[in-house]
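J.: Got a structure for you, questions after.
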């Protein structure tokens, strides 16, 4: 049996590609999980608290919903593709431009 690593009481919807059109719970969960993983690596040098300060997700890689009261297990089925996670430096101007398009 797979080890349960989390659960949700809300629908992590992806109906009609909603995550490609607007901010969505499932996309936020995935971005938060990536962010949490890197923050907990504790590689930052003081006085910084983290080497990263945000996470973005390619919504095209999200291909399924998670129903309410779903238990998330290692090796779950939220991702159809084996996309990689990339850490990169983004200038303030680029960050603002991304936010203007993604979070409008």
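J.: Please state which of the following conditions residue 44 fails to meet, knowing it meets all the rest: (1) more than 20 Å from residue 91 (Cβ to Cβ); (2) in a loop (DSSP other than H, G, I, E, B).
T.: (1)
J.: Next up: Return the pair list, or none, for Cβ contacts closer than 9 Å from residues in segment 14-28 that are farther than 14 Å from residue 61 by Cα to residues that are in a helix (DSSP H, G or I) and at pLDDT below 80, at least 6 apart or on different chains.
T.: Partner pairs satisfying both residue conditions: 23/102.
The values are calculated or read from the model by the stated rules, or taken from the named source; none is laboratory data. Keep in mind it's a predicted model, so treat the numbers as computed, not measured. With ideal geometry, Cβ positions are generated from the backbone for all residues, glycine too; neighbour counts draw on all protein chains shown.
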